[in-house]
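K.L.:
Before I ask anything, let me first share the structure, which is written out below as structure tokens.
The values are calculated or read from the model by the stated rules, or taken from the named source; none is laboratory data. Computed from a predicted model, the values in this text were never measured in an experiment. Here Cβ is always computed from backbone atoms with ideal geometry, including for glycine, and neighbour counts include all displayed protein chains.
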């Protein structure tokens, strides 16, 4: 198959804003988030179980660090306005200490509006108090979700609103990952770094369906200049293992996210996943593409209908290449080495299979199943 070249792949690093100076998220954050599987049913025990799993099943060794509580943990405020957890989280400090004792970090969630997406207590009017409370509990990561902020702010105030919480966090004196969740409104990638964001959602919510996942992932093309160490585009959390896609589709999901230098936040029930799911989440050669020190977000280098080729330059001079088949039947997909600035014979390695495929001149072609992907490294 011959693929039409969109552009010559440039080897330079992105020219976006400089890295956030907090020293956190120098590579895309990796961990787990409670929302995709547990939503509002999440409890402190679920969070402990996730931490136990990460610490014992190889995920920690593969780089997964954060255990993040999403919405629905909040209770009421006390007489001085301090936020308290609800009955599902009876001792938040003890929970944080438990996760830290596993050698992991822990994240929490709020909204700049009066209420969260699920209708729980937001941070509106309590930004300083909440920032200090999160630090007093010992949290390492805050996801800040726009939601009901629409009721009290205009979208034109979004930068000011997010900067307000960033400044409150900064005044605590403790570095914390600041995750902006505002669905790509107002071209957040252009200003997310300026308000202290370490990552920012570029899209609406993902779901555990191939069509939704693929639209979100493949639409990240063109945003690569805004990502780099300390500040990352976030196409939302992983759905790997939640059951709505097959193995080939989850392979596409994971392959695309690592090429995008996306945060890798597992969203499944870690205590009950299959060996196949664990293998998808913990392949170290695949994860190394996401966590590469060069910090470049990959981009599309060629496309023919539903067949796409994406590439991401790596710190060791190699290039990670994803060959994708978004079509409804198996198809051969080709990477032409000239499209990524390489000439002559090159070595090709299949990262999912941990297998050297040999030397090739000019191009490499492989058959890819419906909705499937192959991830290779070219050197």
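K.L.:
Just the residues that are buried (at least 22 other Cβ atoms within 10 Å of the Cβ) and more than 20 Å from residue 317 (Cβ to Cβ), please, taken from the stretch 369-379.
P.N.:
Once the filter is applied, which keeps residues that are buried (at least 22 other Cβ atoms within 10 Å of the Cβ) and more than 20 Å from residue 317 (Cβ to Cβ), the stretch 369-379 yields 371, 372, 373, 374.
K.L.:
Now for a separate question. Looking only at the stretch 259-277, filter to residues that are out of contact with any helix residue (DSSP H, G or I) (no Cβ under 8 Å at 6 or more places or on another chain) and closer than 16 Å to residue 63 by Cα; which one of those is surrounded by the most Cβ atoms within 10 Å (Cβ to Cβ)?
P.N.:
265
K.L.:
Quick one: is residue 341 in contact (Cβ under 8 Å) with a residue 40 or more places away in the chain and surrounded by fewer than 18 Cβ atoms within 10 Å (Cβ to Cβ)? Spell out how you get there, then give the answer.
P.N.:
Details: in contact (Cβ under 8 Å) with a residue 40 or more places away in the chain: yes; surrounded by fewer than 18 Cβ atoms within 10 Å (Cβ to Cβ): yes.
Yes.
K.L.:
Can you spot a residue in the stretch 207-220 that is assigned to a helix (DSSP H, G or I), in the same structural domain as residue 282 (by TED's automatic domain parsing), at pLDDT 95 or above and surrounded by fewer than 17 Cβ atoms within 10 Å (Cβ to Cβ)?
P.N.:
Yes - at least one qualifying residue is present in the stretch 207-220.
Matching residues to (1) modelled with pLDDT under 95; (2) over 30 Å from residue 226 (Cα atoms); (3) within 16 Å of the chain's Cα centre (by Cα):
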site	(1), (2), (3)
15	yes, no, no
26	no, no, yes
35	no, no, yes
42	no, yes, no
56	no, yes, no
65	no, no, yes
68	no, no, yes
97	no, yes, no
109	no, no, yes
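K.L.:
If I go through the stretch 130-160 residue by residue, how many of them are in a helix (DSSP H, G or I) and surrounded by fewer than 22 Cβ atoms within 10 Å (Cβ to Cβ)?
P.N.:
The number of residues fulfilling the criteria is 14.
K.L.:
Applying the selection to the stretch 267-283, what residues are touching a strand residue (DSSP E or B) at 6+ places or on another chain (Cβ under 8 Å) and part of a helix (DSSP H, G or I)?
P.N.:
Correct list: 270, 281.
One line per residue, one yes/no per condition, for (1) part of a loop (DSSP other than H, G, I, E, B); (2) over 23 Å from residue 291 (Cβ atoms); (3) without any contact (Cβ under 8 Å) to a residue 60 or more places away in the chain:
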site	(1), (2), (3)
315	yes, no, yes
321	no, no, yes
334	no, yes, no
348	no, no, yes
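K.L.:
Would you mind finding the one in 301, 286, 309 that is part of a strand (DSSP E or B) and more than 27 Å from residue 188 (Cβ to Cβ)?
P.N.:
The conditions single out 309.
K.L.:
Which condition number does residue 232 fail, the rest of (1) closer than 20 Å to residue 178 by Cα; (2) over 13 Å from the mean Cα position of the chain (by Cα) being met?
P.N.:
Result: residue 232 fails condition (2) only.
K.L.:
Going by the structure shown, is residue 299 surrounded by fewer than 17 Cβ atoms within 10 Å (Cβ to Cβ), touching a residue at least 60 places away in the same chain (Cβ under 8 Å) and closer than 27 Å to residue 237 by Cα?
P.N.:
Working: surrounded by fewer than 17 Cβ atoms within 10 Å (Cβ to Cβ): no; touching a residue at least 60 places away in the same chain (Cβ under 8 Å): yes; closer than 27 Å to residue 237 by Cα: yes.
No: the conditions fail for residue 299.
K.L.:
Can you name every residue in the stretch 171-206 that is over 20 Å from residue 31 (Cβ atoms), surrounded by fewer than 24 Cβ atoms within 10 Å (Cβ to Cβ) and within 15 Å of the chain's Cα centre (by Cα)?
P.N.:
182, 183, 184, 204 - these are the residues of the stretch 171-206 that are over 20 Å from residue 31 (Cβ atoms), surrounded by fewer than 24 Cβ atoms within 10 Å (Cβ to Cβ) and within 15 Å of the chain's Cα centre (by Cα).
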